[in-house]
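Worksheet: the structure to be examined is printed underneath.
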Amino acid sequence: MAEPWDRPPYPKRGNSERVLFEAVGRCLMGWEEVEGTFAHLFSTFRTGLPFDTAANKEYGQPLNFVHRVQALRDAACRYFQSHCSQENEGEFAEIVELALNWSQRRNDVAHGRARMIHWIINPESRETLLTAQGPLRWCVIPPHFKSEKFTEDDRPTYVLTSREMNRFADAFWKLSVRINKFMHRIETPSDASFGRFVLPPLSNN
C-alpha cells in the first residue's frame with residue numbers, strides 16, 4: 001500500500017515557469033518550518049525552553065539532516081530518562097519517522113532541475129519543440145548526474161509539478177504544527193505561555 005510520502009506517479013501536464021517556481025519555493029519554505037521547529041524542540045529537550053540560542057545553534061551544527069535528527073534523538077533519550085512518558089516517547093518516535101520519510105521528498109525538490117515536461121513524458125516529441133503550439137509547460141526532475149535517480153532506460157524516478165509539490169508543502173506545514181504542539185507539551189511550565197503563535201500555512205493561491 002502506498003504511503004503519503006512515496007514518490008507520486010508521473011503527472012500528465014506541466015506548469016508555467018512562474019507556477020512551477022512558486023511551488024518549489026512554497027515546498028522548501030514549508031520544510032524549513034520543520035527544521036526550525038525541530039531546532040526549538042532540541043532546545044526544549046536540552047533546556048526546557050524552546051528558544052535557547054546556544055541550543056538552537058547546536059542543533060544546526062551537523063550539515064546533514066539525518067545527523068541533526070540523530071542529535072535530536074540523543075537529546076530526547078536523555079530527556080526521557082528523567083521525564084518518563086510512553087505517550088510522549090511514542091509521539092516523538094512517530095514525528096521523527098514522518099520527518100525522515102518526508103525529507104526524501106524535500107530532497108527531490110531541493111536537488112531537482114526544471115525541464116519541459118513533454119521532453120520527459122513524450123521523449124520522441126523533442127524534435128517538435130520549436131514548432132509546438134501554445135505555452136511551454138515545465139516540471140522538476142532529478143539532475144542527470146545522479147544516475148541512481150534514473151531507470152535503466154534513462155527515465156527519471158520522479159517528475160514533479162506544482163500539484164505534487166504543493167501537496168508536499170501542505171504535509172510539511174502540518175508536520176511542523178505537530179512538532180510545535182509536542183514541544184509545548186514538554187516545555188517548562190513557567191515558560192509554556194511563550195511562543196504559542198503558529199504561522200498559518202502558505203497559501204496555494
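Every number in this text was worked out from the coordinates using simple rules, so none of it is lab data. Computed from a predicted structure; not experimentally measured. Positions of Cβ are backbone-derived with ideal geometry, glycine not excepted, and every protein chain shown enters the neighbour counts.
Quick one: what does P(r) look like for the chain with 10 Å bins over all Cα pairs, in whole %? Computed distribution, short to long bins: 8, 30, 29, 18, 10, 4, 1. Among 56-67, 22-33, 88-99, sorting by the average number of other beta carbon atoms lying within 10 angstrom of each residue, highest first, gives 22-33, 88-99, 56-67. The dipole here belongs to the range 17-189: it is taken about the Cα centre, uses +1 on the Cβ of Lys and Arg and -1 on the Cβ of Asp and Glu, and is about 300 debye. Working from Cα pairs under 8 Å separated by at least six residues, relative contact order for the chain is 37 percent.
Give me the percent of Cα-Cα pairs in the range 75-124 that sit more than 17 Å apart, rounded to a whole number. All intermediate terms of the calculation are to be shown ahead of the outcome.
On the way: 733 of 1225 pairs.
Result for the distance tail: 60 percent.
Listed by chain and number, the aspartates and glutamates whose C-alpha is less than 17 Å from the C-alpha of LYS12, apart from same-chain residues fewer than 8 away, are GLU124, GLU164. Note on the chain: with a GNM built from Cα contacts shorter than 10 Å, the maximum mean-square fluctuation among SER43, SER103, SER147 falls on SER147. The helix-only estimate of mean residue ellipticity at 222 nm for the chain, built from DSSP H runs of length n ≥ 4 each weighted as -39500 (n - 2.57), is -18500 deg cm²/dmol after division by the residue total. Listed by chain and number, the aspartates and glutamates whose alpha-carbon sits under 14 Å from that of LYS146, ignoring those within fewer than 8 places in the same chain, are ASP108, ASP154.
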